[in-house]
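Taking it in order: structure first as structure tokens, then the write-up.
Throughout, read-outs are computed from the coordinates displayed, never taken from laboratory work. Here the structure is a predicted model, which is why all the values come from computation and not from measurement. Glycine also receives a Cβ, built like all others from the backbone with ideal geometry; neighbour counts cover every protein chain displayed.
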Amino acid sequence: MRYEKWLALKKLLKGVKAIHFQSIATFLVNECGVKSESVATIVSRAEKRGILWRLCKGWYMFADDLPAPDDIDEIAMTIVRPSYVSMERALSVQGILSQGIFVVTLITPVAWNLKRDFVIRLPEREYLIKLKKARKIPEELVGEIADPERALADLIYYRGRVEQKWEYLAQVLSDIYWDEVDVEKVFEHLKEFRGSAGTVHPFV
């Protein structure tokens with residue numbers, strides 16, 4: 001397919017952080033007259049020619065417009081919707097945790113029960129995207145990086161109560177800059193994990 005057609009798609013999707021294969025297929029079929037059975041071949045050729053970059057299964061970006069490492073959280077939340085970034089990654093990004101964390105943990109509804117952890121590949125490195133499931137998540141957090149108090153509550157719940165990784169949890173908590181955290185707010189969020197009816201954030 002001629003490069004001008006790819007430029008047209010790029011213009012149409014301006015500002016989109018990640019492009020799903022189905023969006024590309026729809027454009028090729030409806031705007032370029034490509035037969036549906038030829039879409040996969042054309043996308044594969046575009047990848048080999050350096051026009052498209054495959055981020056992970058089913059998701060692409062234009063190779064000349066790849067994101068900076070700081071954009072990885074937004075890309076992950078584009079792929080997994082609805083979700084929000086939390087736990088170690090959120091604490092690291094916000095400077096609350098002294099360690100640099102390159103594993104992005106997303107909290108997402110349990111409806112994603114068929115979705116597994118995956119890897120986003122960029123030229124300079126790969127990022128593991130790990131999913132933690134909730135019955136539902138607060139609407140105001142969708143597409144956001146959790147504030148330190150919410151991220152800490154999620155961390156304590158999942159690493160402690162769910163995974164029973166108490167030693168690991170203690171190590172991470174020892175690296176937290178607690179003078180920048182509202183501890184009372186952390187405890188308020190932890191109360192939401194009781195799972196009683198009507199709570200804002202009833203986790204599995």
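A few points about this structure:
- Dipole moment magnitude, nearest 20 debye, the range 3-65 about Cα centre, only Lys, Arg, Asp, Glu C-beta charged: 100
- Descending semi-axes in Å of the range 69-194, equivalent ellipsoid built from Cα gyration tensor: 22, 18, 14
- With the largest listed first and rounded to whole Å, the semi-axes of the equivalent ellipsoid of the range 47-98 from the Cα gyration tensor are 26, 13, 7.
- Shape category assigned to the range 3-65 from the gyration tensor of Cα positions, a/c cut at 1.5: rounded
- DSSP loop GluC sites (Glu not before Pro) with at most 15 other Cβ within 10 Å excluded, longest remaining stretch of the chain: 1-123
- Two-site FRET efficiency, Trp178 against Phe21, from Cβ-Cβ distance with R₀ of 30 Å, rounded to 0.05: 0.10
- Annotation note: trypsin sites (Lys or Arg not before Pro) in the range 42-130 located in DSSP loop regions with a Cβ neighbour count of at most 10 within 10 Å are Lys57, Arg116, Arg125.
- The gain in end-to-end length when the Glu126 to Lys57 segment is fully stretched comes to 23.5 nm, 0.36 nm per residue minus the alpha carbon separation.
- Look at the alpha carbon pairs under 8 Å that are at least 6 residues apart: their mean separation over the length of the range 17-119 gives a relative contact order of 22 percent.
- For the range 111-163, alpha-carbon Rg over 2.2 N^0.38 Å: 1.33
- Beta bridges per DSSP with both ends in the chain, % antiparallel, nearest 5: 65
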